[in-house]
Amino acid sequence: MSRLVVKNLTKIFSLGFFSKRRIEAVKNVSFEVKEKEIVSLVGESGSGKTTTAKMILRLLPPTSGEIYFEGKDIWKDIKDRESLVEFRRKVHAVFQDPFASYNPFYPVERTLWQAISLLENKPSNKKEALELIKESLFRVGIDPKDVLGKYPHQISGGQKQRIMIARCWILRPLLIVADEPTSMIDASSRGGIIKLLEELREEQGTSIIFITHDLGLAYYVSDNIFVMKNGEIVERGHPDKVVLEPTHEYTKLLVGSIPKLYRKLEDL
Ligand SMILES: Nc1ncnc2c1ncn2[C@@H]1O[C@H](COP(=O)(O)OP(=O)(O)OP(=O)(O)O)[C@@H](O)[C@H]1O
């Protein structure tokens, strides 16, 4: 069953007060994500990946088109705060910049306390909640004493990314939208983050939309790949089909850079 259906999604930005300039960031994009599926949106900078992600996360309204999550149109059927909180519990983002996801004035575990506040079945007291936080940190390979009580500038980029995944582990979302979740971190942490996302999919049946420039990485992690260029999906399908039998010139160009990426991935 499809968990997410994106239908003819379009986003046009208008710039300037007088001479209106139109930027068609996303053009007529359609795709589906099934339960437990990892799909990748791959494309160069400015191809419309993040804009697509923001519309799916209900952070940016589309100009036209529909997004159905579990059969509900997320822009038309979510009307009250309660349904929005439910949506935020089920659909979760891991953003490319781990630094922007944290408030510098609060200890890093604040993001995990916030996750607990979104839970339907909350722990019955603070001690139990802290146990859950510690367990989530262990699950993502962090010793709680290395990060608890610390501020964002006192921990590494890789630890910040892992804490965002720990947040996913607490919330058990049905869909994770991971926008370049490994872009700011070193190669060894990168492999770990991908593995954690795959574990979440296995353990919790989470579906994942993985957004990346890197077709080599997408080939390794995805069940389906959608290649975007200038706001459109120009190629789609199983990773073997996209990589071994590309039809669009742009995909052929991306595939041409994969041998180099393979070498890079072997370092992970
Ligand atoms: N708020 C905005 N106002 C105007 N134009 C925007 C806005 N957000 C994005 N754009 C434009 O829309 C296009 C698509 O941008 P988007 O960020 O979705 O691309 P992307 O594929 O995610 O790029 P990257 O990989 O660099 O994050 C770009 O031309 C961008 O400049």
**Complete:** Nearest 10, in degrees from 0 to 90: the angle of helix 81-90 to the longest Cα principal axis of the chain is 80
**Asked** Whole number please: convex hull volume per residue of the Cα set in the chain, in Å³?
**Response** 147
**Item:** Residues with amide H under 5 Å from that of His92, placed H, sequence gap 5 or more
**Value:** Leu175, Ile176, Val177
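For the ranges 163-171, 236-244, what's the packing order if you count other beta-carbon atoms within 10 Å of each residue, average per peptide, and put the highest first?
163-171, 236-244
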**Prompt:** Which pairs in the list Lys27/Lys54; Lys49/Lys160; Lys127/Lys150; Lys11/Lys76 are over 21 Å apart, alpha-carbon to alpha-carbon?
**Reply:** Lys49/Lys160
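No value in this document is a laboratory result; all are computed from the given coordinates. The structure presented is a predicted model; accordingly, all values stated were derived computationally and were not measured. Neighbour counts run over all protein chains shown; Cβ positions are idealised from the backbone, glycine included.
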